[in-house]
1. Under the classification rounded if a/c is under 1.5, otherwise prolate if a/b is larger than b/c and oblate if not, where does the stretch 133-253 fall, given a ≥ b ≥ c as square roots of the Cα gyration tensor eigenvalues?
2. Rounded to the nearest 500, what is the chain's calculated 222 nm mean residue ellipticity when only DSSP H runs of at least 4 contribute -39500 (n - 2.57) each, over all residues?
3. Along the positive direction of the dipole of the chain (beta-carbon charges: Lys, Arg +1; Asp, Glu -1; about the Cα centre), which of L144, F97, I72 reaches farthest?
4. Would the stretch 145-197 count as rounded, prolate or oblate if I go by the C-alpha gyration tensor, calling it rounded below 1.5 in a/c and otherwise prolate when a/b exceeds b/c, oblate otherwise?
5. Under unit Cβ charges (Lys, Arg +1; Asp, Glu -1), what dipole magnitude, rounded to 20 debye, does the stretch 170-245 have relative to its Cα centre?
6. Report D for the stretch 101-161 in µm² per second (integer): Stokes-Einstein, Kirkwood Rh on Cα pairs, 20 °C, 1.002 mPa s.
7. Could you tally the net charge around P55, taking each other residue with its Cβ under 15 Å from the Cβ of P55, Lys/Arg +1 and Asp/Glu -1?
8. Net charge near F136, counting Lys/Arg +1 and Asp/Glu -1 over other residues with Cβ under 11 Å of its Cβ?
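Bear in mind these aren't lab numbers, they're just calculated from the coordinates by the rules spelled out. Small disclaimer: the values here were computed from a predicted structure and weren't measured. Every residue, glycine as well, gets a Cβ built from its backbone with ideal geometry; the counts of neighbours run over all protein chains shown.
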Amino acid sequence: MYSYLRFLHIFELDLFITYKFLYYPIMRKVAYIPCKLNNDRVPGKNTKPFTNGLPLCQYVFNTLSICVEKNILNEVYCFCSSPEIQDYFPKNSQLKFLQRDKSLDQSTTLINEVTKSFINKIEADIYVMAHVTCPFIQEQTIKLAIDFIEYDNFDSALPVKKIQNFLFDKNFKTLNFSTYSRPRTQDLEPLFEPTSGFFAFNKNVAKSGREIGDNPKLIEVAPLEQIDIDYPEDFEFANIVFNGLHTLQIKII
């Protein structure tokens, strides 16, 4: 009886695996990190170290390298015009260098142009574009985004923060409430802002020249993952957060 049940269990498992591979073919998943050594708003930002920490770029480099080690991704590239960026690659990491044209380093360059250049060089079924300016993104969030594209009906996925507060436009006109009848903030219709940590998307979205498709999955993330460094004060804030975690001996990656 035991042998029969064991055989039945193995047979069911084989059926499940066959079903999975028939309906969910293996997809090639590639991440790329657009990076440049010259920055306008915060000079040297991408390689600037936190106090008691590593150069900024190494946090995302490490996170995505771990994703390759855990088979969440097949490959990860640093897409940069300067070979010197390789001096900042973590030792024994899965990170590869792919040189991009210097014309993409201009302040007027659109990120869609960078994406177009990358996908013309590297083929994949699912792409993940990550930014070193969001050092606290987690591998679990990246895996979740990829799974939504690979196994559900989403063409893209991205981390977001929920905004549920009173908003004004640039002319100080209310956008989502009336001053005559101001509701509770929890009753407002929530809005969602991309954190810019990463964008995951399938090859059809990529070929259309976008990183967000027509059916995106918005993944609400914790405040730590929402941190994005654009200006000097952003770097200082991230540095304070990092050192707070460091003092509490909380490992980031």
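1. Values: a/c = 1.95, a/b = 1.10, b/c = 1.77.
Oblate, since a/c reaches 1.5 and b/c is not below a/b.
2. Details: 7 runs with 82 residues, N = 253.
One gets -10000 deg cm²/dmol as the mean residue ellipticity at 222 nm.
3. Farthest towards the positive pole: F97.
4. Details: a/c = 3.88, a/b = 2.52, b/c = 1.54.
It is prolate, given that a/c is not under 1.5 and a/b is the larger ratio.
5. Numbers: 8 positive and 12 negative charges, 90 e Å.
For this selection, approximately 440 debye.
6. Working: Rh = 13.5 Å.
Translational diffusion coefficient: 158 µm²/s.
7. Details: positive: K36, K45, K48, K91; negative: E84, D87.
So the surrounding residues net to +2.
8. Values: positive: none; negative: E225, D228.
Surrounding charge for F136 is -2.
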